[in-house]
Every structure is written in structure tokens, then in C-alpha cells.
Amino acid sequence: MTKILIDGTEVDVPADYTLLQACEIAGAEIPRFCFHERLSIAGNCRMCLVELKGAPKPVASCAYAVKDCRPGPNGEPPEVLTRSGTTKKAREGVMEFLLINHPLDCPICDQGGHCDLQDQAMAYGVDSTRYRENKRAVEEKYIGPLVRTAMNRCIHCTRCVRFLAEVAGVPDLGAIGRGEDMEITSYLEQAMGSELQGNVADLCPVGALVHNPQSYNVRPWELHKTESVDVMDAVGSAIRIDARGREVMQIEPRINDDINEEWISDKTRHVVDGLRLQRLDRPFLRENGRLRPASWGEAFSAIAARMKGADPKRVGALVGDLAGAEEIFALKALMSSLGVTNLDARQSGEAIDPAWGRAAYTLGATIPGIEAADAILIVGANPRTEASLLNVRIRKRWRMAPVSIGLILDEQPDLTYPYTYLGAGTDTLASLAKGDHSFLDVLRKAERPLVIVGESAFGSLAGIAALAKDVGAVSAEWNGFGVLNTAAARVGALDLGFVPGEGGLTFSQMLEPGALDIVFNLGADERVIGPGAFVIYQGTHGDAGASRADVILPGAAYTEKSATYVNLEGRVQMANRAGFPPGDAREDWAILRALSDVLGKRLPYDSLAALRKAMYAEHPHLAAVGQVEVSDAAAALEKLASLPAATEKASFASPVTDFYLTNPIARASRVLAECSGLARGRALEAAE
């Protein structure tokens, strides 16, 4: 540790800290434009200038290390002044330079209200300028449908360039020209290809890059903000939902170092218009082959009439990818009271059994734990499309220090980091286990090997678990075996035991024609129920599930209810309500509670608090919001390794074929539909 004086306050900091970091530890606020905690240091805006005693001129605190500071003549600690006249004058000079070419368009700039330049100009700007030259004019650039440019405002901080090159791993933007002619561009004015590109607009400190779908629609002071979690994948990114009245206007990231740091995917951010399009806002009944609007009473009466005298063995319940733990718990309780054992939430058809232990269906290493792995094997998963923020964490680990990464998949995708392609499926897995590939030695020599299993490889869990045991992936200090789920509801449903009971049918079996007489479908839209069954669909959008339904019960989207979700690590999180469901739609647990009354099997809770009390009594770990319950990974691995080995040869294909259109909310979004079209076009060009 090194002692340093900052504005008269002595602090001890590591020698490799920058002056900016040391100043922040001392409580001094340092303005900056180019510096960002999660990006490399550029040192090109100079707004962070401070006075360093003994230095001939103010220094850029973001690029000046504490270890480079000279002590005083008598060995006194180096002294930094952040509020001196010299510092203030230097920053005012920098601000004057920055504003030479900046257009004075704050009243119409979409960044107005949350603009760093605007805020810092209030502190360091002046009311006049000494420069009379014409302002620089820069042509606007087309860089895709998600980010709109106003490059006259650009101050060349290069945050966007560094983010795409370092974090996203897709160098879509760069700089051309020198001096006053320098421009940030995509070179050929093509659409950016990263699934994280929307973050560059968050990073831009001046409004040169803004979110295109929200342009000219909203100002920050009009919004009320609600902290919540994302359900577009199983990562559970921390988000903030900004709403105006009843309408969600934008979704922004929240900082959570344990999950998404401060990034979110474009699907998470721009699904907003899908929340209000194609919504189910009233109950519907099918009569003479056509759906007609109905009252809640009519819908419940129709369900009760079909359920009366029904054989419980001919009744089933399905749960989709976006359901919260509360409605899953209520649905299971209702089905159990009716004697129904045909329950399943494993929409992808995977054969995970919660009886094997929680470690058998969660990512044991946790997302931040990926940074400690020294060898990674990915089996049957494309993390870039299935869990883009988890892929960012793997890339971060690769950037920290060289790490060997192996992939078994039926394609060779661009994961934004180098990897060793091992093969396509079960044959490759078998040859790797036998030692026919050198990557097995890499895993064995690693101190903390990590094996990540995708949904397409769940049929080969026995072989993968045996391989993980062989390479020492699980020990007393390290849990290097993990499952990559793709659905936000999956881990929570498995925690609640929403799987077939004794003699019950699986998800796939319930879909077969004539398998059941009545199917209760809670938001499962990715697979179609076969003919012959009376289908009760409870969901939010007019997607595949609603088109097959005989009765539709309109539910609430994740932004319209308070619900518990469990992410792929097993971390319990709470989504908070930012608005109310449209029309006659209601929260899902409340619909099930009302239906239970009509069916004569009244659920014993009249409020969300009472439901949660009952849920916590049966599953105490769900009350620990923000925590990951530690599970016995060794026992789970032993159980998996003892399963019957797969005999059929197969290749492992990622379950996510279109990153942007993975659920009914995303499929309702026009913005994501355009992104999907561009992605398909890029794939066709690459294939030619």
C-alpha cells in the first residue's frame, strides 16, 4: 500500500491504482468522459486533470499511476489537489475546447437530461466562447436499427469503440482520419452485428449515439423507474424498467457485478414494443372453431364444465419459459388438489430430474466464478446466443489471461474468443473421454476445470458427468460442473418440483395427439399441443399457445407483476411490477386462485404475501433473494454419472436458432423482428 495526500486527506491505496481511483477512495469527485471502469484507459478527453504537487502541469488522473508519483523533498507522501484554482482552470479550458465544435442542440437532443457533457458543462463551462470558427460538420452514419447517430456531437472519447472491441468482442466501430477530421464509423456504414450494441448508447457521454427505437418519444424526467430482473434468458440480468403512466418506455441495465456487471443484451433492452403489441387483454372462448371474447365468469364456467368428472390421468399442466415461481407454485398446488400428476416445465424436452440434486441443473461455478476457471469445456451450447452475458464473462476470463476453451457442438459459431473445436456430438464426447484428444490432458492438468453442459447435450449427462469426475471438475474448493439453461422459469420450476409425478407424462408425451383430454398451458408457446385435447391457455400474447387454445385467460407480463425468478446459477431474484396488465388481464397467481374457487379446490391464500409465505415454508431457499444456495455438487455428479449411458449417436445443436425471437414477447416486437432479419442476412452472406 502507498500513502498519498488528496486534498489534505491521507489515504492508503495499492501502488498500481491510478490517481483517479485514489481520489475516489478519498471521496473526491473527478469528472471524466473517456474513462470507464470496465474499459481500457484511453486518456484522450483530459477532463480528469488534477494538480499534482511537483508536476510541471496538471496530469490526467485516469492514466497516471500512484506508483509514478514522486514523494516530497523530505519524503512526504505525494500530494494531489482536485479543487485547486489550477485544477479548475485546467478543466474549464478542456471544456471550452470540447464545446468548440459541439452543437448547442440540448433542447432537441435525446440524451438531454442524462448527458455527462451537459452536467459537467454546468460545473466547468462558461457563458461565452473565444472561438468564432464554424463548427465542424460530420455526416450521420447508419450503424443499424438500434443506435441512431448524431456525430456532430462526438468528442472522440472512443468508449463505443473500446466496448465493442473489448467487451462485446465484435469490432464493429473504429476511427478514421486524424485531428479535426477524425470520425467514429463502421467503415462501410453497415449495421453493427453485436447482440450487445445497445450498450454503446449508454456509454456515450454526449448524445452522439442514442437509442433509435426510443428517439423523440420520451424524456428522463417523465419516467418512473422500477428495479427488476430480465427474463429474456436464464441469466437474470439486473434491469431498470422506465414507465410513463401505464406504458413501459425503456429498459436500462442496473449494475450487478455478480451477474451482468452493467451490460444487457439488445433483446433485453428493445423488447419494449413487444410488451404492448399482440396482447391478450380479455378472456376468450372457442365456439364453432372460432375464438370470441368472453367474461371471466364464462371462461371459468367452461373450464369447470370440462373438468367435471374428468379423469385426473387424462389431465395435464405445462409451464412455459417466462413464468414466475409464484404462479408455478399455485398451479402445482391446484393440480395436486385435483390429483393430476402430468406436470412438466421442461419445454425443451430435457430429462433433468430435481431428485438428482440442485447441482444437476444449475451452473455450480456461478457467473463470477467463471473468472477463476483455468480450462473450460462447453458441450452442446452456444453461450453467445443462449446466454449472451455469460458469454461476455467467458470472454472476460479469456482477456484476463490465456485460457484453453473447448467446444463440442454441431456448428462452429463465432463466440468472440478463440476456442478449440472438438467435434459435433456424442462420438466426439466418447473419444474425448477415452483420451483420443489432447484437450483431455488440458482439463486434467487444470486446477479449476469448468464443464458447461447445454440443453442439447442433456441426453448424454451420464458421459459428461463421468468426464467431469475424471478431470476433477468438482472438489471441496471448486464446483466446475454446470448446466446452461436457456429459460428464465426453468430453474425455479425444477426447484418447485414441477415435473411428472409417479406415472405422469413428460412435456413431449403430453403434446402427442390424443394423449390427454385437458391441458392447462401456463405460457408454453414454443411447442404445439396435438389435436384432441381441450386446451386452457394462460398467457400474455396471441402466440402459438393462444392459437391452439379453447379457453384463453389473459395474464400479466414480467413488467406487470411482482414475481420470483431463479437464474441459471440458482440465484433467487425478484421482479417488481412497473405497470399494470392491459384491459381485463390479471396477475397469474390471482387467476389460478380464482379458478381454484370455481373448481371447488380453493387455494389457501388470498394475497401474494400469503402465497409467498406458503411457498417459503415448503422451499425456504426461495426466500433468500440475491443468494445462491450451496448444493452438494459431488453427490449430484455421482448420481448423474450412474445414469444409464446414452446409446444413440447424435450431434448437439443449440436450441436457440434465432437469438432475437425466442419467446412470445420478443416475437411480438417489430424492432427485434428487424434485428432478426438483419442477422439472417449476415448469416447468408457469411455462408456464400
For Met122: the one exception among (1) open to solvent by less than 40 Å² (accessible area, probe 1.4 Å); (2) of a type outside the set (S, T, N, Q); (3) assigned to a helix (DSSP H, G or I); (4) under 18 Å from Arg153 (Cα atoms): (1)
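Residue by residue, here is whether (1) buried (at least 19 other Cβ atoms within 10 Å of the Cβ); (2) at pLDDT below 90; (3) closer than 29 Å to Ile6 by Cα holds:
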residue	(1), (2), (3)
Lys89	no, no, yes
Ile100	no, yes, no
Pro103	no, yes, no
Cys109	yes, yes, no
Arg130	no, yes, no
Arg136	no, yes, no
Lys141	yes, yes, no
Val147	yes, no, no
Boolean, Val483 is within 17 Å of Ile376 (Cα to Cα), in contact with a helix residue (DSSP H, G or I) (Cβ under 8 Å, 6 or more places away or on another chain) and not hydroxyl-bearing (Ser, Thr, Tyr): yes
Qualifying residue in the stretch 199-216 (condition: free of Cβ contacts under 8 Å to residues at least 24 places away in the same chain and on the phi < 0 side of the Ramachandran plot): no
Selection from the stretch 16-52 of residues that are open to solvent by 40 Å² or more (accessible area, probe 1.4 Å), without any contact (Cβ under 8 Å) to a residue 60 or more places away in the chain and of a type outside the set (Val, Ile, Thr): Asp16, Tyr17, Gln21, Glu24, Gly27, Glu29, Glu37, Arg46, Glu51
Single residue of Ala668, Ala683, Ala679, Ala687 found to be out of contact with any helix residue (DSSP H, G or I) (no Cβ under 7 Å at 6 or more places or on another chain), modelled with pLDDT of 90 or more and not polar (S, T, N, Q): Ala679
Contacts under 6 angstrom Cβ, first residue in the stretch 92-119 being in contact (Cβ under 8 Å) with a residue 40 or more places away in the chain and of a type in the set (Val, Ile, Thr), partner open to solvent by 50 Å² or more (accessible area, probe 1.4 Å) and outside any helix (DSSP H, G or I), 6 or more apart: Val94/Arg46
Output for the stretch 198-215, where each listed residue is outside any strand (DSSP E or B), farther than 17 Å from Leu98 by Cβ, open to solvent by 10 Å² or more (accessible area, probe 1.4 Å) and at pLDDT 90 or above: Asp202, Asn212, Pro213
Only listed residue being surrounded by fewer than 24 Cβ atoms within 10 Å (Cβ to Cβ), in contact (Cβ under 8 Å) with a residue 24 or more places away in the chain and not in a helix (DSSP H, G or I), chosen from Leu277, Leu318: Leu277
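Please verify whether Ala557 is within 20 Å of Met232 (Cα to Cα), surrounded by 24 or more Cβ atoms within 10 Å (Cβ to Cβ) and either without any contact (Cβ under 8 Å) to a residue 40 or more places away in the chain or of a type outside the set (Val, Ile, Thr) (or both), treating the condition exactly as stated. Give the steps one after another, and end with the answer.
Values: within 20 Å of Met232 (Cα to Cα): yes; surrounded by 24 or more Cβ atoms within 10 Å (Cβ to Cβ): yes; either without any contact (Cβ under 8 Å) to a residue 40 or more places away in the chain or of a type outside the set (Val, Ile, Thr) (or both): yes.
Considered against the rule, which asks whether it is within 20 Å of Met232 (Cα to Cα), surrounded by 24 or more Cβ atoms within 10 Å (Cβ to Cβ) and either without any contact (Cβ under 8 Å) to a residue 40 or more places away in the chain or of a type outside the set (Val, Ile, Thr) (or both), Ala557 comes out as yes.
Name the single residue that is nearest to Ser631 (Cα to Cα) among those in the stretch 558-593 being in a loop (DSSP other than H, G, I, E, B) and among the acidic types (Asp, Glu). Break it down stepwise before answering.
So in the stretch 558-593, the residues in a loop (DSSP other than H, G, I, E, B) come out as 561-562, 567-570, 576-587.
Adding the requirement that they be among the acidic types (Asp, Glu) leaves 569, 584, 587.
Working: Glu569: 11, Asp584: 42, Glu587: 32 Å.
It comes out as Glu569.
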Search result, residues across the stretch 529-549 that are closer than 16 Å to Leu661 by Cβ, part of a loop (DSSP other than H, G, I, E, B) and out of contact with any strand residue (DSSP E or B) (no Cβ under 9 Å at 6 or more places or on another chain): Asp543
Unmet requirement for Gln190, which otherwise passes all of (1) open to solvent by 20 Å² or more (accessible area, probe 1.4 Å); (2) not in a loop (DSSP other than H, G, I, E, B): (2)
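Quick check on this structure: which one of Arg282, Arg306, Arg286, Arg290 is out of contact with any strand residue (DSSP E or B) (no Cβ under 9 Å at 6 or more places or on another chain), open to solvent by 10 Å² or more (accessible area, probe 1.4 Å) and charged (D, E, K, R)?
Arg290
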Filter pass, Glu477 being of a type in the set (D, E, K, R), on the phi < 0 side of the Ramachandran plot, part of a loop (DSSP other than H, G, I, E, B) and in contact (Cβ under 8 Å) with a residue 24 or more places away in the chain: no
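Right, Asp470: touching a Phe, Trp or Tyr at 6+ places or on another chain (Cβ under 7 Å) and surrounded by fewer than 18 Cβ atoms within 10 Å (Cβ to Cβ) or not?
In short, no.
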Matching residues, the stretch 245-270, being open to solvent by 30 Å² or more (accessible area, probe 1.4 Å) and either in contact (Cβ under 8 Å) with a residue 60 or more places away in the chain or out of contact with any strand residue (DSSP E or B) (no Cβ under 8 Å at 6 or more places or on another chain) (or both): Gly245, Arg246, Glu247, Asp257, Asp258, Glu262
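The values are calculated or read from the model by the stated rules, or taken from the named source; none is laboratory data. Here the structure is a predicted model, which means the values were calculated and not measured. Cβ sites come from the backbone with ideal geometry, for glycine too, and all protein chains shown count toward neighbours. With ligands, DNA and RNA removed, areas are computed over all heavy atoms of the protein, side chains included. Shrake-Rupley method; radii C 1.70, N 1.55, O 1.52, S 1.80 Å.
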